[in-house]
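Novice: Just dropping this structure here.
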Amino acid sequence: MKVLVLGGDGFCGWPTALHLSDVGWDVTIVDNLSRRAIDLELEVESLTPIRPIGERIRVWEELSGNEIGYVHLDLAEEADRFETLLRDLRPDAIVHFGEQRSAPYSMRNIPAKRYTVDNNVRGTHNVLAAIVAADLDVALVHLGTMGVYGYGWSGSAPIPEGYLTVKVPTPDGDIEREILHPANPGSVYHLTKTLDQLMFTFYASNDRLRITDLHQGIVWGTQTPQTIRDERLINRFDYDGDYGTVLNRFLMQAAIGHPLTVHGTGGQTRAFIHIRDTVRCIQIALENPPARGDKPMVFNQVTETYRVRDLAQLVSEMTGVEIAYLPNPRREAAENELNVSRDRFMALGLNPTTLSEGLLEEVSDIATRYRDRVDPTKIIARSTWREGMETSPDLMKG
Ligand code: NAD
Ligand code: USQ
């Protein structure tokens, strides 16, 4: 099986490339290294010491005997080169991680908003158009987000996997229709993922492309059985106010004794998944694609849901670090319930890593081990959803 991993140098893409290579697939990574460039722009580094892409790939080859290809290519800007790559390689499958993925970064300022839309929407469209132009019958798996559904929209009813059955009133009585679940994005980044969904619907219908959209929750954890084999293979771990996600941030904060930065009341409920399960889910999705002519298949890629303040409580009890309730820099519901259907992956054999199993390992093996690499001035989230919104003046000193 020949697979292209778009965005394969990133937090989810790198461990996925290694996992698929380890199970014997022929993997080629496509990445323009824009995420590493954003680290330079933000003057922050991954908590873990990630190595250059060429070295990562060489070390993997030495250890496993498996080659991984690498093509430096910008999906948004180099549409023709990408089409040529598809014609040359003729992959059986493509996994698409290659987007700007931070909600706070996407709200940082006008240039970051424009970049996020241009990069993500053009990139995804270029991928779809190139598959059609190269006349490939490929399984395309895209990483979407739980945030396309929004939070609190459907009350206590479980969020379905992508589609909703609705009753449409007509003069002859109600008729039932299945529609894409209404989109309710909470940031410019999340907005791009809702636009991706519409492009998938169109290309699945018009060009009979086989597309799976994975609405993934917040990924936590760092290592997989492959990245842990050698320190030079280590995965990235973002902790800064823009790219660090909530649980990994709390773990890093606990390791350096920084108060845990809960936004608002911490009543936000979110869905989570460990990086080890992300890579297994991708393999499962690639092995179970929709048929040609089917609508895009949607999986909710989540294993647990937690309230932010309960996560903070858990980490605080485990480590003794205090909790700081800060003004929320985002516009989001202060409190929400979240009930998510996730039957598909469970039915296909996913056996999830739960927080209770994996958390302590993360604190000791990653956060504590690399705590000297933390720049405390990068911890507080400074990107606000609207000009004039408050961030925390006290803790900003670091
Ligand atoms: P990441 O930023 O670590 O990785 C994305 C990779 O894509 C980077 O290596 C970047 O250089 C590359 N890239 C971006 N734009 C590109 C372009 N135009 N051309 C070529 N390469 C490009 O992000 P991640 O955390 O690995 O997320 C991967 C995907 O999963 C994203 O689409 C994200 O929306 C989705 N996702 C992530 C999470 C999470 O918690 N990390 C949760 C849900 C969904
Ligand atoms: N939060 C805090 N304190 C912090 C950081 C975050 O309270 O220090 C809160 C936020 O206000 C938010 C929640 O925690 O309510 C989640 O924030 P996050 O930064 O962990 O996650 P989010 O911005 O939603 O984005 C991340 C990934 C994104 C992915 C998304 C999945 O960066 O790529 O799409 O998770 S989901 O949230 O399910 O849509």
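Taken together, the values in this text are just the output of simple stated rules run on the coordinates, not laboratory data. Since this is a predicted model, take the numbers as computed values, not measurements. Please note: Cβ atoms are built from the backbone with ideal geometry, for glycine as well, and neighbour counts cover all protein chains shown.
Novice: The range 91-170 to the range 180-201: how many Å between their Cα centroids?
Specialist: 6
Novice: If you look at just the Cα atoms of the chain, how large are its Rg and its Dmax in Å?
Specialist: 20.6, 69
Novice: Continuing with this model, one more query. Val59 to Thr84: extension gain in nm, 0.36 nm per residue of separation minus the Cα-Cα distance?
Specialist: 6.2 nm
Novice: Multiply the residue separation of Val23 and Arg382 by 0.36 nm, subtract the distance between their alpha-carbon atoms, and state the gained length in nm to one decimal.
Specialist: Stretched out fully, the Val23 to Arg382 stretch lengthens by 125.1 nm.
Novice: While we're looking at this one, here's another question. Before anything else, pin down the relative contact order of the range 2-397: Cα pairs under 8 Å, at least 6 apart, normalised by residue count, whole percent.
Specialist: For the range 2-397, the relative contact order is 20 percent.
Novice: Using only DSSP helix segments of four residues or longer, with each worth -39500 (n - 2.57), what per-residue ellipticity at 222 nm results for the chain after dividing by its residue count and rounding to 500?
Specialist: Helices in the chain give a 222 nm mean residue ellipticity of -10000 deg cm²/dmol.
Novice: Continuing with this model, one more query. Give the lysines whose C-alpha is closer than 18 Å to that of Lys193, dropping any in the same chain fewer than 8 places away, or say none.
Specialist: Lys113, Lys295
Novice: A follow-up question, please. Name the residues whose placed amide hydrogens come within less than 5 Å of the amide hydrogen of Val262, ignoring near sequence neighbours (fewer than 5 apart) on the same chain.
Specialist: Ala324, Leu326
Novice: Please give the net charge around Thr354, taking every other residue with its beta carbon less than 13 angstrom from that of Thr354, where Lys and Arg add +1 and Asp and Glu add -1.
Specialist: Every neighbour counted, the sum reads -4.
Novice: For the range 355-376 and the range 315-339, what is the separation of their Cα centres, given in Å?
Specialist: For the range 355-376 versus the range 315-339, the Cα centre distance is 19 Å.
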